[in-house]
Amino acid sequence: MMRLRARLHIPRPIKRWLPSSLFGRSLLIIVLPVAVMQIAVTWAFFDAHWDTVTSRLSEGLAGDVAWAVESYKDDPSPAALDKLAERAQDSMDLSIALQKGKNLPAGKRNSLFRVVDRSLNRALSDRLDAPFWFDASGDHYPAHVDIRVKVPQGVLRIIAPRDRAFATQGHIFILWIVGATLLLTAVAILFIRNQVRAIERLADAADAFGRGIDQAAFKPHGAREVRQAAQAFLAMKARIQRHIEQRTALLASVSHDLRTPLTRLKLEIALAEPSPQLEAMARDLSEMEHMIDEYLAFARGEGGEEARQVLLRPLIESVCEGAARSGAKVELSIGDDLTAILRPNAFKRALANLIDNAAAHGETVRVSSTAAPAGGVWIFVDDDGPGIPEDRHEEAFRPFNRLDESRNQNEKGVGLGLAIARDMARGLGGELTLQRSPMGGLRAVLRLPG
């Protein structure tokens, strides 16, 4: 029975803006629901509770204003107005004054919360028959509401406290909501950062081990699942190290066992009478010895050597001098201050393989180096030989593979030079690629971490 698995589809434009790190995604998973909940609670508070309270307060204020206007219309004399103003001030905290001959203002100021304007306007419209105008913005009277009603003698101006028109403590609720959100976000960031740091340390330890750097101080910590992953990594690391040690010991035994009979044969040939057959046998033995050296170098890999920060120029110069003594024409162009993280002996062996490979198929070899834009170092080995077709570059890195159709036969090689060099580069977190050389032949590009 086929089991269908539902998958949430996120549009590509939205996915582009989503965080890619575990820290960002975890924070989004925790903070986003909290923020949505807080917004929903705030909306419900203002839409229901605060709006209801404001409506009730506005209705009460509108009723007092309507009472004051009707009382003034019943007796508009100055004495009655003074008595009305005194009673309104004492009983309802309203300030009442008559502006003789005045008209209502033409414009209207909106308050910060539109619900206040709507509630007060609705309440005054229900209670008053005369034209009116009000200002709840608090620009002229910060803690009051200015209400003006048209009467035959002019404009009756009533100043009321703001807390009589709406609930003035609503912003306190918002501050509590914002404060709680910030506090929860800070706590989430603290805990998520600690968990992500444990994963980052595990990733750094795995990357360092892949480049041959042993971080002995690494210890599992963090959540239970992260500690389990770290313990599994340490167990895998120990197994790999035991395998390398066993392989190194085996290779040392093989090297000793093979070299002993080869040495005896070379000694017997040296003591025998010279003849064309002996010379051919000596050449075969020399080629066998060279093949064994290449086999062991390929299988040995890093050979247990520690990676460290090294100044490149002395190492490259020594390799180039060795190639020049062997008859290769080598040109060198490298800065004095370039450094890289590498294993010196493995690097020298890999670079010697690249230079020997270039010298075997070209007349001139050029070795240059420069700092990489993204960090690290690029080392270029160019030759003026026939080169390799671009579609066969990856094939050239296969062990024991020689591209005899496109390059001259290397009588001594067994097709391991490029494989050894790439194995060294990748073991350090770098890479070895092939390109078309500006000299017309092949360019080997060795990228090393800085």
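The values are calculated or read from the model by the stated rules, or taken from the named source; none is laboratory data. Note that the structure is predicted; figures quoted are calculated from it, not measured. Areas reflect the complete protein model, heavy atoms only, side chains present, ligands, DNA and RNA absent. Shrake-Rupley method; radii C 1.70, N 1.55, O 1.52, S 1.80 Å.
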### Message
With every protein chain left in place and a probe of 1.4 Å, what is the accessible surface of residue 218, to the nearest 10 Å²?
### Response
30 Å²
### Per residue Cα convex hull volume in Å³ - calculated over the stretch 259-389
161 Å³
### Query
Heavy-atom accessible area of residue 137 with all protein chains present, probe 1.4 Å, nearest 10 Å²?
30 Å²
### Task
Could you please state how large a percent of the accessible area of the stretch 154-271 is carbon and sulfur, counting protein chains only and using a 1.4 Å probe?
65 percent
## Note on the structure
Yeah, the stretch 183-292 with a ≥ b ≥ c from its alpha-carbon gyration tensor (a/c under 1.5 is rounded, else prolate when a/b outruns b/c, oblate otherwise) is prolate
### Summary
Heads up, the stretch 301-370 by the C-alpha gyration tensor (a ≥ b ≥ c square roots of eigenvalues; a/c under 1.5 rounded, else a/b over b/c prolate, else oblate) looks oblate
